[in-house]
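Just so it is clear, none of the values below were taken in a lab; they were calculated from the coordinates. Being a predicted model, the structure only gives us computed values, none of them experimental. Cβ sites come from the backbone with ideal geometry, for glycine too, and all protein chains shown count toward neighbours.
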Amino acid sequence: MEHLFGHDWEIVPAGGATGEAFYAKHEEQRLFLKRNSSPFLAVLSAEGIVPKLIWTKRMENGDVITAQQWLNGRELKASDMNQESVAKLLRKIHSSKPLLGMLTRMGKSPLQPETLLRLIEEELDCDLKEQAAVIQSVDFLKKEVSHIHCEENTVCHCDVNHNNWLLSENNQLYLIDWDGAMIADPAIDLGMLLYWYISKEEWPNWLERYGIQLTDNLLLRMKWYVIAQTLTSIQWHKNKFRYQEMEKWLSYLDELL
């Protein structure tokens, strides 16, 4: 990475699960660098959903490095997720034709609930499949899978955790970390956000700010996807030997049911 910039630049890892992100700093210049980020980043930048893309360079070894504007700001807190700006930005993402067109050109096809259910059943190990809450959850997913089809397929972020929302100094809101994006039912993002951050009595108001009404069908779809995502999280944490986190999500599964 250093020979892209010269010795005057300070380059440090930015953390994250992949180890592919870095901060670069030289006097007043600051950049956020990422190795092999998706070509999707250019469209996200053009739409104002992520901080501005400054340049893209292909390395001799085939790696592609992207540099984005490094903004001073802060992550949203859990209590911030009820703000109108969050609902409006998520609606903008779900309504964006350029984002949908780009993911389609990249070969992504809409995620079907049957596909997700099959993947979950394949990934869950034998020990977890014996847990009462897991058995009950898989039964629920199977029973309702034919009732949750949605005509509207949009670009979904699929990890709308408050840590992925960035509020800049000039009050511009961004949603970052798009590595898991897919074309799917928007209930995937809506369910995760509402279940994790918004009290149930506030759901109708939040969705009104987003631009839709709360219906029984949407309630079912959100619950289905939140249970599916929770099962995936349980297995992921177990695979990483993070048993405390795994137990936390198992408890959450009990609450959902």
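For segment 123-159 versus segment 195-254, the inter-centroid distance based on Cα atoms is 11 Å.
Here segment 10-114 is treated as a Stokes sphere of Kirkwood radius computed over C-alpha pairs; at 4 °C and 1.567 mPa s its diffusion coefficient rounds to 81 µm²/s. For Lys57, a cut-off of 14 angstrom between C-alpha atoms picks up these aspartates and glutamates, skipping any fewer than 8 places away in its own chain: Glu2. For segment 63-159, the alpha carbon positions stretch 48, 35, 35 Å along the principal axes, listed from largest to smallest. Classify segment 88-134 as rounded, prolate or oblate, taking a ≥ b ≥ c as the square roots of the eigenvalues of its Cα gyration tensor: rounded when a/c is under 1.5, otherwise prolate if a/b is larger than b/c and oblate if not. Prolate, since a/c reaches 1.5 and a/b exceeds b/c.
Bridging of Lys238 to lysines at a Cα separation below 29 Å is possible for Lys34, Lys77, Lys108, Lys129, Lys142, Lys143, Lys223, Lys248, once same-chain residues fewer than 8 apart are set aside. Counting only residues at least eight positions apart within a chain, or on another chain, the aspartates and glutamates with an alpha carbon under 14 Å from that of Lys200 are Glu208, Asp216, Glu255. Computed over the alpha carbons of the chain, Rg followed by Dmax gives 19.7, 60 Å.
Assuming charge only on the beta carbon of Lys and Arg (+1) and of Asp and Glu (-1), the dipole of the chain about its Cα centre is about 540 debye to the nearest 20. Sparsely packed loop sites in segment 92-181 (the GluC sites (Glu not before Pro) outside DSSP H, G, I, E and B with at most 15 other Cβ atoms within 10 Å) comprise Glu130, Glu151, Glu152, Glu169.
Stokes-Einstein diffusion for segment 10-70 at 20 °C, viscosity 1.002 mPa s, with a Kirkwood radius from C-alpha pairs, works out to 179 µm²/s. The alpha-carbon positions of segment 126-257 define a convex hull whose volume is 139 Å³ per residue.
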